[in-house]
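These notes concern the structure reproduced below.
The values are calculated or read from the model by the stated rules, or taken from the named source; none is laboratory data. Because the structure is predicted, anything quoted here is derived from the model rather than measured. Every residue, glycine as well, gets a Cβ built from its backbone with ideal geometry; the counts of neighbours run over all protein chains shown. Quick note on the areas: whole protein, heavy atoms, side chains included, nothing else; ligands and nucleic acids left out. Shrake-Rupley method; radii C 1.70, N 1.55, O 1.52, S 1.80 Å.
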Amino acid sequence: MKKRKLFFKVFVLFFFMSLYQQMNAQIMPKFSELPSLPNTEGMAGMFAGKSNGRLFCMGGANFPEKKPWEGGKKIWYDVIFMLDEKSGWYRLEQKLPTPLAYGIAVDYKDEIIIVGGNDDKEFHSAVFGLHWDGHSLKQRNLPNLPKALANMAGTLVGNLIIVAGGTTSFQGLPLTDCYALDLEDLGAGWVVLPTWPGPARTQPVSGSYGGSFFLFSGEMAGVDMSGNPRRYMLQDAYRFKPEKRLGKWTGTWEILPVIPKAVSASANPVPVLDNGNFVFWGGVDATAAVHKDPVTHPGLDKKVFLYAADSQTWSYAGMEEKHQARVTLPTVLWKGNWLYISGEIKPGIRINSIVGIKK
């Protein structure tokens, strides 16, 4: 009798372990690696998008000679890379109008639209579109942002580009600003949207699903009890539903369940799978933020979390052990896969690899 009970307990244990593994396998995205950028150092803050069947990665910044703790100088780039599916990435002779990084890019009607960003001297308000005509990227100017802006979140919701948070200068304070540009009504310019019901932030991340804009995490600047500068990592989340009233865009914010951990500066926009799950991988959390010495920095958390937009629930998917988690990078949806483009794996250290997950 005792042996039967023991056998039953062992059977139940293995059954639930097997069930858990199957469930985990179903929700954990499968990561794969694509051809790396030809820039062996890698970049932070690049712009990525697609036009006329081609994939482009542009701009960015890195420390090509010495690392920051060695007195190295940060360099911004105007480089443009294009993917040839037969031979991989190659560098175009054409360049961006100026070296640029840390803004956002969206795809709309076969055009890559670049919004804001900064170079080594200043922040930018310029917005411009790039269209590949088979020989070169043709540029057109769109309405400027209301102010120079970088380190913000932003993505496309329908025909609206929505941006939120960020800073206006290298020493600027985090913002509560939120703007929208209707790409079908450029004459109206950028519209000021209501502010989310939470603190100002820089380095937040955003996503788009079901006609709504989602805002996650980021960080605040502050001081500790001794008066020393401190980074406050945010774990809040919000959903904004845009609507047009009396011919003008506005909308309402909803507070969402808090994130299991902060994901400041993680991939933007947040990849969204066909089942409505947002995938969070990388980003700066409270643990990473306290490590001030880049030499001894442990790297970024490998955990993958999912946010189910329809049920408003968070879940832990597993650990991504094969590829290094990263920050300050764009994502782009390319041929059914979300691509994580280059980025930063530790303070001052970039990586040139490109990682994909199936949508």
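What residues qualify as long-range amide H neighbours of LEU55, i.e. H under 5 Å apart, gap of 5 or more or another chain, H built at 1.01 Å from N?
Correct list: LEU83.
How many times 2.2 N^0.38 Å is the alpha carbon radius of gyration of segment 154-217?
1.13
Heads up, I need the accessible area for VAL272: 1.4 angstrom probe, whole protein in place, Å², nearest 10.
10 Å²
If you scale each eigenvalue of the Cα gyration tensor by 5 and take the root, what three semi-axes come out for segment 212-351, rounded to whole angstrom and sorted largest first?
The equivalent ellipsoid of segment 212-351 has semi-axes of 27, 21, 14 Å.
Could you give the distance between the Cα centres of segment 30-100 and segment 125-198, to the whole Å?
With segment 30-100 and segment 125-198 each reduced to a Cα centre, they are spaced 21 Å.
Could you work out the Kirkwood radius for segment 281-359, taking every pair of different alpha carbons, averaging 1/r and inverting it, reported in Å?
It works out to 13.8 Å.
For ASP84, what accessible area in Å² do you get when you roll a 1.4 Å probe over the heavy atoms of the protein chains, rounding to the nearest 10?
Looks like 50 Å² after rounding.
Report, ordered by chain and residue number, the aspartates and glutamates lying within cross-link reach of LYS346, taken as a straight Cα distance under 18 Å and ignoring same-chain residues fewer than 8 apart.
Filter leaves GLU41, GLU65, GLU70, GLU219, ASP285, ASP293, ASP301, GLU320, GLU321.
Angle check, please: helix 2-27 long axis (alpha carbons) against the longest principal axis of the chain (alpha carbons), in degrees 0 to 90, nearest 10.
10 degrees
Starting from one equal scatterer on each C-alpha and no solvent at all, send me the Debye-based log10 I(q)/I(0) for the chain at q = 0.06, 0.07, 0.09, 0.15 Å⁻¹, two decimals.
Log10 of I(q)/I(0), two decimals: -0.23, -0.30, -0.49, -1.35.
With a 1.4 Å probe and every protein chain kept in, tell me what percent of the accessible surface of the chain is carbon plus sulfur.
On the way: 9330 of 16970 Å².
Roughly 55 percent, rounded to a whole number.
Rg (Å, one decimal) plus Dmax (Å, integer) for the alpha carbons of segment 65-110?
Expressed in Å, the Cα Rg and Dmax of segment 65-110 come to 14.7, 45.
So which chymotrypsin sites (Phe, Trp or Tyr not before Pro) in segment 99-168 are both in a DSSP loop and have at most 12 other Cβ atoms within 10 Å of their Cβ?
Sites meeting the loop and neighbour criteria: none at all.
Using the Cα atoms of segment 167-254 to build a convex hull, what is its mean projected area in square nanometres?
7.0 nm²
So which trypsin sites (Lys or Arg not before Pro) in segment 25-117 pass both tests, a DSSP loop state and at most 11 other Cβ atoms within 10 Å of the Cβ? List each step's numbers first, then the result.
Details: sites: LYS30, LYS50, ARG54, LYS66, LYS73, LYS74, LYS86, ARG91, LYS95, LYS109; in loops: LYS30, LYS66, LYS73, LYS74, LYS86, LYS95, LYS109.
Hits after loop and neighbour filter: LYS30, LYS66, LYS73, LYS86, LYS109.
Quick check for you: with a 1.4 Å probe and neighbouring chains kept, what is the accessible area per residue of the chain, in Å²?
That works out to 47 Å² for each residue.
Can you compute the modelled spin-label distance between ARG230 and LYS358, with each label point 7 Å from Cα toward Cβ, in nm?
Distance between the two pseudo-spin positions: 4.6 nm.
Show that you can apply the helix-only estimate: for the chain, add -39,500 (n - 2.57) for every DSSP H stretch of four or more residues, divide by all residues, and state [θ] at 222 nm to the nearest 500.
After summing the helix terms and dividing by the residues of the chain, the value is -2500 deg cm²/dmol.
For TYR77, enumerate residues with amide H under 5 Å from its amide H, sequence gap 5+ or separate chain, H modeled in the peptide plane.
Those qualifying (amide H under 5 Å, at least 5 residues apart or on another chain) are GLY60, LEU100.
How do 312-320, 255-263 rank on mean C-beta neighbours within 10 Å, highest first?
255-263, 312-320
Starting from the exponent 0.38 and prefactor 2.2 Å, build the expected Rg for segment 45-160 from its residue count and divide its actual Cα Rg by it.
For segment 45-160, the normalised Cα radius of gyration is 1.09.
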